[in-house]
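**Q** For reference, the structure I am asking about is given below.
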Amino acid sequence: MQAVASAIDSCTVAAWGVIRAFQDEVPSLRKSLAERLDGGAIPQLVKYAADDSILALAAVDRALAAFPALREGVEEWAVLVAPRFFARLGAIATIGRYAIHGPRGTSPLMIPTQSLHAPSATISLAFGMRGPNYGVGGGPENIAEGLLAGLSLQRESRPPGTWVVLTAWDDEPLPERDPPAVGRAVALALVDHVDDRMSLRLVGAKPKEEGVARLASLSDFLASLEGPRGTWSCPLEWGGELQLSGGVEP
């Protein structure tokens with residue numbers, strides 16, 4: 001029997017942003033973000049950010065553009081980013097240069113730009129958010145881990161809101177790949193319950209399902225409708241699931 005979600009294990013999704021970009025489109029996306037978010041050190045921050053960080057930043061920027069009312073008070077929001085295999089190719093290249101040239105062949109910027117916490121820090125700095133920010137997961141279960149961590153943070157720590165941003169590539173973004181790999185990012189703004197808009201909830205007592213949720217299915221669910229209806233589900237390893245539901249609960 002399916003458990004009924006309570007206010008403690010669910011929250012409202014006040015806004016969302018979806019980004020889909022081919023690998024060779026990321027440089028132009030990076031440039032446009034640097035120009036529009038110009039101020040202080042933002043252009044330099046965006047210039048050296050990893051591609052996944054650019055996708056994550058663009059998704060939050062798109063959500064704020066679609067839901068401008070959220071800009072008021074966003075400074076106190078928390079930011080969680082759950083990438084899949086974040087900066088793996090960049091790290092490999094850096095390790096290779098270090099093996100050949102030693103410390104002079106690498107850059108100290110590798111640590112702040114290619115670590116798991118880099119995307120959330122990039123978003124926090126770009127939009128002046130002072131709430132908690134950190135990376136979650138990093139592996140193939142990044143969607144479940146990111147959504148569960150964001151839901152837990154919002155319900156337990158009670159910030160004004162929590163950005164949960166998920167990133168992934170459909171294929172490994174190798175330099176010689178033809179056609180180019182597709183990168184995706186989804187940003188969800190979680191807040192305490194305010195109305196019957198889209199909600200994220202944790203449901204237990206479900207039969208365990210095989211496989212993991214794919215970011216492409218979540219982005220398609222959000223992008224296909226102006227106001228999502230129906231339910232998108234993310235199975236959890238222990239048998240429960242996270243449900244993203246639009247409109248009034250069935």
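The values are calculated or read from the model by the stated rules, or taken from the named source; none is laboratory data. Predicted, not measured: the structure shown is a model, and the values here were computed from it. With ideal geometry, Cβ positions are generated from the backbone for all residues, glycine too; neighbour counts draw on all protein chains shown. Side chains included, ligands, DNA and RNA excluded: accessible areas come from the protein's heavy atoms. Shrake-Rupley method; radii C 1.70, N 1.55, O 1.52, S 1.80 Å.
**Q** Normalized C-alpha radius of gyration of the chain, against 2.2 N^0.38 Å?
**A** Taking the Cα Rg and dividing by 2.2 N^0.38 Å, one obtains 1.01.
**Q** Through the Karplus equation 6.51 cos²θ - 1.76 cosθ + 1.60, θ set to phi - 60°, convert the phi angles of segment 169-185 into ³J(HN,Hα) values in whole Hz; use x for Gly and Pro.
**A** 10, 5, 9, 4, x, 6, x, 8, 5, 9, x, x, 5, 9, x, 10, 8
**Q** Quick one: helix 142-157 against the long Cα principal axis of the chain, what's the angle to the nearest 10°, folded into 0 to 90?
**A** Around 60 degrees separate the two axes.
**Q** Spin-label point model (7 Å from Cα, Cβ direction): what's the Tyr48 to Ala216 distance in nm?
**A** Placing both labels 7 Å beyond Cα along the Cβ direction yields 3.5 nm.
**Q** Per DSSP helix of 4 or more residues, -39500 (n - 2.57); summed, then divided by the residues of the chain. What does that give at 222 nm, rounded to the nearest 500?
**A** -10500 deg cm²/dmol
**Q** Further question: Across every pair of different alpha-carbon atoms, what Kirkwood hydrodynamic radius in Å does segment 76-194 reach?
**A** Here the Kirkwood hydrodynamic radius works out to 15.5 Å.
**Q** Where the centre of each part is set by its Cα atoms, how far does segment 7-38 sit from segment 98-112, in angstrom?
**A** Measuring centre to centre over Cα atoms gives 29 Å.
**Q** Compare the peptides 132-142, 172-182, 46-56 by average per-residue count of other Cβ atoms within 10 angstrom and give them in order, highest first.
**A** Packing proxy ranking, top to bottom: 46-56, 132-142, 172-182.
**Q** Separate question: How much of the accessible area of segment 57-206, in percent, comes from carbon and sulfur atoms when a 1.4 Å probe is used?
**A** Here carbon and sulfur together make up 57 percent of the probe-accessible area.
**Q** Accessible area per residue for the chain in Å², computed with a 1.4 Å probe and the full protein assembly in place, what is it?
**A** 48 Å²
**Q** With angles folded into 0 to 90 degrees, how steeply does helix 118-127 sit against the dominant principal axis of the chain? Use alpha carbons for both and round to 10.
**A** Long axis of 118-127 versus the principal axis of the chain: about 80 degrees.
**Q** Counting Lys and Arg as +1 and Asp and Glu as -1, each charge on the Cβ, what is the dipole of the chain about the Cα centre in debye, to the nearest 20?
**A** 520 debye
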